[in-house]
Amino acid sequence: MRICAFLFFVATNFCQAKDEPKYPVSQIPEELKKGMYAVVRESHERFEILSVKQSRYYLHKVITIFNSEARRYAEEYVGYDKMEKINFINAKVYNAQGDLIKKLKSNEIGDRSAFDGFSLFSDNRLKEFDLAQVQYPYTVDIEYEVEKNYLYSIPSFELYFDDEVSLQLTTFEISYPQGLKPKYKLFQLAEPRKEANGGNEKLSWRYENVMPEKFEPYMPAQVIPSVIFSPSQFEYAGYAGNMTTWQELGKWQILLNEGRGLLPEQTKSKVKELTKNLPTADAKAKALYEYLQNKTRYVSIQRGIGGFQPFDATTVDKTGYGDCKALSNYMVALLNEAGLKGYYTQIYAGDNNRPVPKDFTIDYFNHIIVAMPNGKDTLWMECTSQTASFGYLGKFTGNRYALMVTETGGALVRTPRYDQSKNQQVTYANVTLDAQGNAKATVKAKYTGLQFENGNLDYYTSLSTEEQRKWLEKNVHIPSFEIAAFNIQSKKEKIPSAEVSIELNLNRFSSVSGKRLFLTPNLMNRSTYVPEKLEKRKYTVNRTMPYIDLDSITYSIPDVLYPEFTPQPTKVSSRFGEYESSVKFDQGKLIYVRRLKMNSGEFPAESYNELIDFYKTINKADNLKLVFLNKT
């Protein structure tokens, strides 16, 4: 009996120890929960440089999720391809008390192409799973390791990634043989702890109880404490290189592109035919660019070492498709055949422009374009679009550094910046108003430069009439309207533009109360935005897009109506821009004129309240109501 009792005691205590709660929400310090929708209980990242052509990445993260705002942190995606192998994936879920309520099963892990519906060929794949629960709060525990048969890029470490997710514990470490010490650059982060063990070394960072700083509107990039890395030497798919300088990184790309610019004889003849009677390099390049647009289409291709090496020009010429690398390489080949020098150029594309650290060589790029020096100017070509204007980069790749791969290696160059005079929205309208507040309007608006991209107008100009109507319904900012007729025409120039003509029926455009009619003269460009108010601004105010809006609206007013008062013009000037608007009434015509000029640049933190006041003044003037009295 005593033996049985003893065994029962041991077994009971063993079960209790095994089922002991993990990560109960009660163990989170109250100060880490305040204002947060999730807390990282612990996060451990480890990157190991094993050799010049092998590395390994390990991640273990545990996140408590308080509400649906943080649901995305219950999802995970782990990439792999023939150069990367996932060694293991483990995941669990705990409830608020810390009890295990789910353990991820292998059949719950999805496996799909990383470029579904977009790539023609792809070796890049994703393992994906979703641990989301219905009842909050809950805690997800995710762990995986990826073996990489190359050394090229090293993950960066950011102290935090969301201003509403705090951290109890986070660590990052990178280990390497002494001969393969990586470079690193710190951004508001402390120096690492350094350790040596035989022929290996390790750098590590550890932080506890971290409350993220609140993100500020117009905040400059790279204000989150972080560190970036790049290998001193590397090898990818048998191609060895180094990142000691931008020139050396460019030399590695030359190796990958070598021999891939050959064109078929028939295409060489076509190049000569297209360019023989054109007098300038600019005109020749434009003809070849439009030939590329008509002949090819963009398809993402991630096969072999598709992330870095382009398909050869002959393949693109034969098939008519390619990704940004293949199409840009093909464009360079066409230019070279015409005796023009075009350069394969790496760039970080997207509205979320990451600044390139000029003094630190790193693989910072995700896209390829073509640069062609032309005297004092440089011509730029986006080769993945069938509709883009020759020489125009726009928001996608404009106003940033890129790595131009020249004959001698890489060179950092700056892409065009489009100033205010090029980014205009000019609107003229005639509105006929009746005494019941209904109206008909004829509007002509011209959008140029970066404003041509408003609401993706540049994309919709090449679509069907029905799709263009959808764009108008979404982007005409009038409370209630009916489109009677419209026309959209675009011009493909170095500074592209679109002209939009619309006829509108505006039922109940103005409200009527008794003998009074209330009219907001700003027809369709009313500002309502005000930047978030901050107790104390820490960072500079960075505004990236300069532009000019011009509006001229003429209202035909019924004879039975006359203005109760005519407001004085509004005019305000700020370091952020200038605004003026005015209303004039003469012989049954009400003429409204508005001009807004917005500046770009980096402004001191203390100017932020001035920006708020500037917007408040604009909003008040834009939404001003005029009162008309009915004589009858």
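Of the residues 180, 203, the single one that is in contact with a strand residue (DSSP E or B) (Cβ under 8 Å, 6 or more places away or on another chain) and under 30 Å from residue 38 (Cα atoms) is 203. For the range 150-263, which fully contained strands (runs of 3 or more DSSP E) count at least 2 residues that are aromatic (Phe, Trp, Tyr)? Ranges flagged: 165-177, 183-187, 200-210, 233-236. Picking from residues in the range 333-354 that are of a type in the set (S, T, N, Q) and surrounded by 15 or more Cβ atoms within 10 Å (Cβ to Cβ), the one that is farthest from the chain's Cα centre (by Cα) is 336. Going through (1) part of a strand (DSSP E or B); (2) within 28 Å of the chain's Cα centre (by Cα) one by one, residue 101 falls short only on (2). The residues of the range 592-632 that are closer than 18 Å to residue 546 by Cβ and either small (Gly, Ala, Ser) or part of a strand (DSSP E or B) (or both), listed by number, are 594, 595, 596, 597, 598, 600, 601, 602, 603, 607.
Table: residues versus (1) in the same structural domain as residue 110 (by TED's automatic domain parsing); (2) farther than 21 Å from residue 22 by Cβ; (3) touching a Pro at 6+ places or on another chain (Cβ under 9 Å); (4) surrounded by fewer than 17 Cβ atoms within 10 Å (Cβ to Cβ).
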{"site": "47", "(1), (2), (3), (4)": "yes, yes, yes, no"}
{"site": "52", "(1), (2), (3), (4)": "yes, yes, yes, no"}
{"site": "55", "(1), (2), (3), (4)": "yes, yes, yes, no"}
{"site": "65", "(1), (2), (3), (4)": "yes, no, yes, no"}
{"site": "70", "(1), (2), (3), (4)": "yes, no, no, no"}
{"site": "76", "(1), (2), (3), (4)": "yes, no, no, no"}
{"site": "88", "(1), (2), (3), (4)": "yes, no, no, yes"}
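If you go through the range 257-294 and keep only what is of a type in the set (D, E, K, R) and surrounded by fewer than 16 Cβ atoms within 10 Å (Cβ to Cβ), you end up with 258, 265, 268, 272, 273, 276, 290. Among the residues of the range 535-558, those that are more than 19 Å from residue 575 (Cα to Cα) and at pLDDT below 95 comprise 535, 536. Scanning the range 592-609 for residues that are farther than 22 Å from residue 399 by Cα and surrounded by 15 or more Cβ atoms within 10 Å (Cβ to Cβ) gives 592, 593, 594, 595, 596, 607, 608. Number of residues in the range 392-441 that are over 28 Å from the mean Cα position of the chain (by Cα), farther than 30 Å from residue 344 by Cβ and not in a strand (DSSP E or B) equals 5. Considering 248, 173, 195, the condition of being surrounded by fewer than 17 Cβ atoms within 10 Å (Cβ to Cβ), within 29 Å of the chain's Cα centre (by Cα) and closer than 30 Å to residue 50 by Cβ is satisfied by 248 alone.
The values are calculated or read from the model by the stated rules, or taken from the named source; none is laboratory data. Note that the coordinates shown come from a computational prediction; the quantities given were computed from them, not determined experimentally. Quick reminder, even Gly has a Cβ in these numbers, built from the backbone with ideal geometry, and neighbours come from all protein chains shown.
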